[in-house]
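Quick notes on the structure that follows.
The values are calculated or read from the model by the stated rules, or taken from the named source; none is laboratory data. In this text, all values refer to a predicted model and were calculated from it rather than measured experimentally. In this analysis, Cβ positions are derived from the backbone assuming ideal geometry, glycine residues included, and neighbour counts consider all displayed protein chains.
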Amino acid sequence: MVNVDLKGTVRQVEAGTTVADIAKSIGMGLYKAATSAKLDGELVDLRTPVEKDCKLEILTFEDEEGKHAFWHTTAHIMAQAVQRLFPGTKFGIGPALEDGFYYDMKGERPFSTEDFAAIEAEMKKIVKADIPVEKRFITLEEGREIFAGQDYKLELLEEYAEKGWQLSIYTQDDFTDLCAGPHLMSTGSVKAIKLTKASSAYWRGDASKDSLTRIYGISFPKASLLEEYLKQQEEALKRDHNKIGRELEYFTTVDSIGQGLPVMLPNGARTIQLLQRWVEDTERKRGYLLTKTPLMAKRDLYKISGHWDHYLDGMFILGDPYDETKECFALRPMTCPFQYQVYLNRKRSYRDLPMRLGETSTLFRNEDSGEMHGLIRVRQFTISEGHIVLRPDQLEEEFKGCLELAREMLGTLGLAEDVSYRFSQWDPNRKDKYEGTPEQWEEAQGLMKKILDHLGVDYKVGIDEAAFYGPKLDIQIKNVFGKEDTLITIQIDMLLAQKFGMVYTGEDGQEHTPYIIHRTSIGCYERTLALLLEKYAGALPTWLMPTQVMIVPITERAHEYARQLVSKLEEYDIRVEADYRSEKMGYKIREAQLKKIPYMLVVGDKEVEEGTVSVRARKEGKGGTMTVDQFLNQITTEIRTKEK
C-alpha cells in the first residue's frame, strides 16, 4: 500500500493504482470532470500508476493546468479529422495554449477558414465515437517506422532521441502522434468545439524552412461555456486595439513598410510622448541617469555580451554574420551592452554604486511573422529600459525599488489589478541556451527567490523562461483575447559584468565585480498603448488623451469667443481643438463623442454674454454650466492627479 496526500487528506491505495481509479474512488463526479493530475508537482495523465507515497492533485477543466490536457487532446482530434479528410497531410506540432490550441500542418494546398465546417463536422464524429486515447512508450526504431513519410515528426523524433528523452506516442483509433502528453482518457469529454483562425507559420519558426498552415481552435466540456466564450470574444473584438487604434487614428500599418512595423499617427505619437516624458521624469526623481546610445553595433559587442551566440536568429543583421573578414553590424535587440559602456567610461568605486542608468530605447527583434499582432508584438519598438550596477549588499533594496517603480506605473495607468507575476528560471536540461554554471544559476535564483518571498510577491514559476544570463521577474498581462505577454521585467544578472570587465574598487581597496539589475519601468510603449486602448475601450484617462477638450460653437457669433477659449486653455497646456464647421451641433457633438474626447465645451450667445461654458463630459458628474476658471480648475486637477 502507498500513501497518497490529496491536499492534506491522506488516502491509502494499492501500489500501481492509476490516478483515474483514485479519482473514481473519491467520486464519479470528480472522475468524469478530471482531465489530468499533478503527481509530486509533475503534470501527468490520469492513466499514470501511483507506485510510491506521493502528493496528488487531480485537475479539472476549472484548473489552468487542467485545461492543458483538454485542449491538447482537442488538437489531436483536429489533426485526426484533417488526416481523414485530407490524406497525405504532414503534421508538425499541436500544443495547447493559454486559450485553446493550434496545430501546424502542411497539405496539398494551404488550409483556410473555408475548410473549418468540414473539419469541425469530422471532429464532432470523433468526439461522439468516444475513442479511447492510449499512451505507449516506443524506441527510436519503432518511431521511425510509425512516422515514415511524416518528415516533421521524424525530425522531432531524432532530436528527442538525441537529447535522451523518453519517447512516447498517443493513439486514438487511426491517428497516432509523437507526444509527451498528458491527454484525456478518451475523445468523448470534448462537448463543444470552435475553430477560430488559420494563418501561415514557418516550421520551427524559421523563415528558411517550410511554410505550414496553423489552425487555431477552442473547446469546452459544456456547450454553454462555448456560448459564453463567443460572447466574450464578441466584446473583445469591440475593444481590440487593432480596431480601436485604427479607428481613432493612433496607428496604421503599410504593406510596403512591412509587418510588425507600425506607423504611429499623431494621436498615437502624442500619447506615447506623454508616457515617455512621465516615465523619464519619474525615473529622474528616483536617481536614474539618462543615457542615449547607438541603435546598432558591430558583432564584436554582441559576441562579448553573448547575444551573438544566444540571440542571433532574433536580430536584424547588416552584413554577412559568418564572414569574419568584413565588418558586420546588427540592430540592437536590447540596450544592456551599450549602457555598460557608460559605466566603463572611467574607473568606479563603491561610492559610485548603485549607478542607475535609464534610456528610452528603440529596439529591433526579428519576430516570427505569425506572432505579429498590432502594437503588442512588433519588430521595432520603444522601451523604458534601464540597468542598475550595484554592490551585492545593495541587491534587495534596488530590486525592491524597481518593483515599487513598476507598481507605481501600473497603478497610475489603472493596470495594477490586471497583471500577474512570473519567476522565470532556467532549464538545467538546456545548458546550451544559457550562460554560466549550474552553481551560478543556483545562486542567482536562490537570491531572487529570497527577495521575492521577503517582498511578499505572489508569483508562479516559469521554467525555461529566464534570460540567457540570469533569472527574472516577469510582470505578465493579458490582452482582450486572453493572450498573455510580458509587460515589465526585472532581471538579476551575475554574469555579464564579468564578461565586460566591469569592476569597482571596494572599501578594502580591492577590485570587485558588481551585480546588475536589468529592468523596465513601463515596458514597451507600443504594447502599453495597445493595452490601455483595450482597457479603456479608447477612452483613455484625460491626461493621456491626445485631444482633451473640443470646443463646439453653436453659431458663427460664438467663433471669436471659441478662439479666445482655445488660447486660454492652451496657456494651461491643455490640448484643445475647436470645431468651426457649419455642421449641425448634434453632428459635431456626436463626432467628438466617437473620438472619446473627455470634454466638449458648447458655447453660444448665452455663454458669450455670461463668460461661461456649457460642459459636456465623458464622465458623469463633471458636466454642467461653469465659469471658465471653474472648468480650468476641474480639468487641471484631473490632469495633475492623473485621474483614471
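Among the residues of segment 466-507, those that are more than 25 Å from Ala406 (Cβ to Cβ) and either in contact with a Phe, Trp or Tyr (Cβ under 9 Å, 6 or more places away or on another chain) or of a type in the set (A, V, I, L, M, F, W, C) (or both) comprise Lys499, Phe500, Val503, Tyr504, Thr505, Gly506, Glu507.
The set of residues in segment 150-162 being outside any helix (DSSP H, G or I) and free of Cβ contacts under 8 Å to residues at least 24 places away in the same chain is empty. Taken over segment 539-583, the residue count meeting the criterion of being free of Cβ contacts under 8 Å to residues at least 40 places away in the same chain, under 43 Å from the mean Cα position of the chain (by Cα) and closer than 23 Å to Thr637 by Cα is 8.
The number of residues in segment 202-233 that are surrounded by fewer than 21 Cβ atoms within 10 Å (Cβ to Cβ), part of a strand (DSSP E or B) and under 21 Å from the mean Cα position of the chain (by Cα) comes to 3. As a summary of the residue check, Asp323 satisfies the conditions (1) without any contact (Cβ under 8 Å) to a residue 12 or more places away in the chain; (2) closer than 30 Å to Asp104 by Cα except for the one numbered (2).
Scanning segment 597-639 for residues that are under 40 Å from the mean Cα position of the chain (by Cα), surrounded by 17 or more Cβ atoms within 10 Å (Cβ to Cβ), closer than 18 Å to Ile554 by Cβ and not hydrophobic (A, V, I, L, M, F, W, C) yields Tyr599, Arg616. Residues that are more than 15 Å from Phe137 (Cα to Cα) and of a type outside the set (D, E, K, R) were ranked within segment 173-185; the one that is surrounded by the fewest Cβ atoms within 10 Å (Cβ to Cβ) is Phe175. Screening the candidates Lys292, Lys298 for the property of being touching a Cys at 6+ places or on another chain (Cβ under 9 Å), modelled with pLDDT of 95 or more and within 30 Å of Glu435 (Cα to Cα) yields one hit, Lys298. Hey, does segment 133-140 have a residue that's under 19 Å from Ala69 (Cα atoms), hydroxyl-bearing (Ser, Thr, Tyr) and either buried (at least 21 other Cβ atoms within 10 Å of the Cβ) or not assigned by TED's automatic domain parsing to the domain that holds Val44 (or both)? No, the conditions are met nowhere in segment 133-140. Taking the conditions (1) under 23 Å from the mean Cα position of the chain (by Cα); (2) in a strand (DSSP E or B) in turn, Lys238 satisfies each one other than (2). The condition (being outside the structural domain of Trp165 (by TED's automatic domain parsing), out of contact with any helix residue (DSSP H, G or I) (no Cβ under 7 Å at 6 or more places or on another chain) and hydrophobic (A, V, I, L, M, F, W, C)) is satisfied by just one residue among Met372, Met355: Met372.
Taking segment 277-301 as the range and being outside any loop (DSSP other than H, G, I, E, B), closer than 17 Å to His387 by Cα and not hydrophobic (A, V, I, L, M, F, W, C) as the test, the residues that pass are Glu280, Asp281, Thr282, Glu283, Arg284, Lys285, Tyr288.
Of all residues in segment 584-640, those that are touching a residue at least 40 places away in the same chain (Cβ under 8 Å), part of a strand (DSSP E or B) and not aromatic (Phe, Trp, Tyr) total 5. Can you find a residue in segment 594-608 that is of a type in the set (Ser, Thr, Tyr), modelled with pLDDT of 95 or more and in contact with an Asp or Glu (Cβ under 7 Å, 6 or more places away or on another chain)? No, the conditions are met nowhere in segment 594-608. If you check Leu301, Leu403 for being under 22 Å from Val503 (Cβ atoms) and surrounded by 17 or more Cβ atoms within 10 Å (Cβ to Cβ), only one passes: Leu301.
Here is a check on your reading of the model: is Gly188 closer than 21 Å to Lys24 by Cα and either surrounded by fewer than 21 Cβ atoms within 10 Å (Cβ to Cβ) or of a type in the set (A, V, I, L, M) (or both)?
On the way: closer than 21 Å to Lys24 by Cα: yes; either surrounded by fewer than 21 Cβ atoms within 10 Å (Cβ to Cβ) or of a type in the set (A, V, I, L, M) (or both): yes.
Yes, satisfied.
Out of all the residues in segment 113-125, is one or more of a type outside the set (Phe, Trp, Tyr), in a loop (DSSP other than H, G, I, E, B) and free of Cβ contacts under 8 Å to residues at least 40 places away in the same chain? The answer is no, given that none of the residues of segment 113-125 is of a type outside the set (Phe, Trp, Tyr), in a loop (DSSP other than H, G, I, E, B) and free of Cβ contacts under 8 Å to residues at least 40 places away in the same chain.
Could you pull out the residue among Tyr340, Tyr350, Tyr311 that is among the hydroxyl-bearing types (Ser, Thr, Tyr), over 25 Å from the mean Cα position of the chain (by Cα), buried (at least 17 other Cβ atoms within 10 Å of the Cβ) and in the same structural domain as Tyr469 (by TED's automatic domain parsing)?
On the way: Tyr350 fails: buried (at least 17 other Cβ atoms within 10 Å of the Cβ); Tyr311 fails: over 25 Å from the mean Cα position of the chain (by Cα).
Only one candidate qualifies: Tyr340.
Here His68 clears all of (1) in a helix (DSSP H, G or I); (2) more than 24 Å from Val461 (Cα to Cα) except the condition numbered (2). Within segment 96-119, the only residue that satisfies the criterion of being surrounded by fewer than 16 Cβ atoms within 10 Å (Cβ to Cβ) and within 12 Å of Gly217 (Cβ to Cβ) is Thr113.
When each of Val13, Val4 is tested for being over 30 Å from Pro110 (Cβ atoms), β-branched (Val, Ile, Thr) and touching a Cys at 6+ places or on another chain (Cβ under 8 Å), the lone residue that passes is Val4.
Residues in segment 497-520 that are buried (at least 24 other Cβ atoms within 10 Å of the Cβ) and under 26 Å from the mean Cα position of the chain (by Cα): 3 in all. May I ask you to verify whether Leu594 is loosely packed, with under 14 Cβ neighbours inside 10 Å and closer than 21 Å to Gly538 by Cα? In short, yes.
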